[in-house]
Amino acid sequence: MEVGLQPAELTFVVTLATSGSLSAAAREMGITTSAVSKRLALLEGRIGVPLVNRTTRRMSLTPEGEVLLEHAQRILQEIADLEQMLTKSKGTPKGQLRVNATLGFGRLHIAPAISQYVLRYPEVDVQLQLSVDPPPLADDQFDVCIRFGAPADTRVIARRLAANRRLLCASPKYLARHGEPKTPAELGRHNCIAIRQGDEAYGVWRLFSGRDAERDATAVKVRGNLTTNDGEIAVNWALDGHGILMRAEWDIERYLHSGRLVQVLPGYRTPDADVYAVYPHRHQLSARIRTFVDFLVGRFERFDAQ
């Protein structure tokens, strides 16, 4: 038997899941708890699988309920996007916006941007998740992902937000004790702080001095006694004088200005890893995604101009 779920039933499932209990869902929907229970039982009977594990006070979704919730949220948002596209309200962003960013950049730049964005567009509900490793682009878990480097995946749109130079740096006290390297080859004799993130080659730093990144590149195998997957920890280790670190300029510029860190090998550059907002092609007409990405672009343009 085919099961044709209606938007009202999908809304019911979402309300039920986000309320946390049958009684709370009843208050949200303005009906009795027994009516919610009966409606749930009818839906489960029609689908043929249990959606909720019931207890006296709380409830939780079954695995099937979790799957239905995930798809219900996506489908309802797509319906809302379609309505906005077809009506005069298409310029007014509404609904849920799921954003992913890396830990350090997300805390320092994306979270404050979201704070300002929802002040301008209060009808958007933003969920921000910070992670060490970026989720797969094919994953439907997020609407917008903040990435370093332009993705090769043609299924997504990538809007450049900001330049992202990565610099070599160390504390003055480390350089005073161990000397300052003059060439990339000399890095092999120094203690280098390593960051393991994503699929980047671990323990290999690529530097170049000319315009041609491939022809002029020098790959240096570095070593050190400190390794982490968290950029903030690595910066703190560099500040404590443990070694030389390669880190994005946005994360260390305040320490370079204050003198707590000093740029090492300033005549050499690393491969570009500019910051991009990435989202699926199907979302390009969504008001909430369009306005959010435009907001980020404008915000970072102002930062670059300063």
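The values are calculated or read from the model by the stated rules, or taken from the named source; none is laboratory data. This one's a predicted model, so the numbers in the text were calculated from it and none came from an experiment. So basically every Cβ, Gly included, is an ideal-geometry build from the backbone, and we count neighbours across all protein chains shown. What goes into the accessible areas is simple: the full protein's heavy atoms, side chains included, and nothing from ligands, DNA or RNA. Shrake-Rupley method; radii C 1.70, N 1.55, O 1.52, S 1.80 Å.
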> Counting only residues that are open to solvent by less than 60 Å² (accessible area, probe 1.4 Å), in a helix (DSSP H, G or I) and of a type in the set (A, V, I, L, M), how many does the stretch 170-185 have?
Replying inline: 1
> Within the set of pairs 6 or more residues apart or between chains, which connect a residue that is within 18 Å of Leu187 (Cβ to Cβ) inside the stretch 235-254 to a residue that is among the small types (Gly, Ala, Ser) and open to solvent by 30 Å² or more (accessible area, probe 1.4 Å) with Cβ atoms less than 6 Å apart?
Replying inline: Gly243/Gly224
> Within the stretch 214-233, can you find the residues that are open to solvent by 60 Å² or more (accessible area, probe 1.4 Å), at pLDDT 85 or above and assigned to a loop (DSSP other than H, G, I, E, B)?
Replying inline: Asn225
> From the list Asp143, Asp125, Asp153, which one is open to solvent by 80 Å² or more (accessible area, probe 1.4 Å) and among the charged types (D, E, K, R)?
Replying inline: Asp125
> Among the residues of the stretch 92-114, how many are open to solvent by 60 Å² or more (accessible area, probe 1.4 Å) and in contact with a strand residue (DSSP E or B) (Cβ under 9 Å, 6 or more places away or on another chain)?
Replying inline: 2
> Would you call Leu187 of a type in the set (A, V, I, L, M, F, W, C), at pLDDT 95 or above and within 14 Å of Thr270 (Cβ to Cβ)?
Replying inline: no
>> What's the number of the only condition in (1) outside any helix (DSSP H, G or I); (2) open to solvent by 50 Å² or more (accessible area, probe 1.4 Å); (3) of a type in the set (Phe, Trp, Tyr); (4) modelled with pLDDT of 90 or more that Trp237 fails to meet?
In response: (1)
> Any residue at all in the stretch 111-125 that is at pLDDT 95 or above and within 24 Å of Thr228 (Cβ to Cβ)?
Replying inline: yes
> Could you say which residue among Arg247, Arg260, Arg288 is surrounded by 20 or more Cβ atoms within 10 Å (Cβ to Cβ), touching a Pro at 6+ places or on another chain (Cβ under 9 Å) and charged (D, E, K, R)?
Replying inline: Arg288
>> Checking the structure you have, find out if any residue of the stretch 67-81 is in a loop (DSSP other than H, G, I, E, B), among the small types (Gly, Ala, Ser) and modelled with pLDDT under 85.
In response: no
> What tally of residues in the stretch 128-137 results from selecting those that are under 24 Å from Arg282 (Cβ atoms) and either open to solvent by 70 Å² or more (accessible area, probe 1.4 Å) or in contact with a Pro (Cβ under 9 Å, 6 or more places away or on another chain) (or both)?
Replying inline: 3
> Condition test on Ala273, is it small (Gly, Ala, Ser), modelled with pLDDT under 90 and either touching a His at 6+ places or on another chain (Cβ under 8 Å) or open to solvent by less than 30 Å² (accessible area, probe 1.4 Å) (or both)?
Replying inline: yes
>> Could you check the stretch 236-271 and list, in sequence order, the residues that are within 9 Å of Ile193 (Cβ to Cβ) and among the hydrophobic types (A, V, I, L, M, F, W, C)?
In response: Trp237, Ala238, Ile244, Leu245, Met246
> What number of residues within the stretch 102-127 satisfy the criterion of being touching a helix residue (DSSP H, G or I) at 6+ places or on another chain (Cβ under 6 Å) and not aromatic (Phe, Trp, Tyr)?
Replying inline: 4
>> I need a count of the residues in the stretch 20-54 that are closer than 22 Å to Arg74 by Cβ, open to solvent by less than 50 Å² (accessible area, probe 1.4 Å) and either touching a Lys or Arg at 6+ places or on another chain (Cβ under 8 Å) or basic (Lys, Arg) (or both).
In response: 1
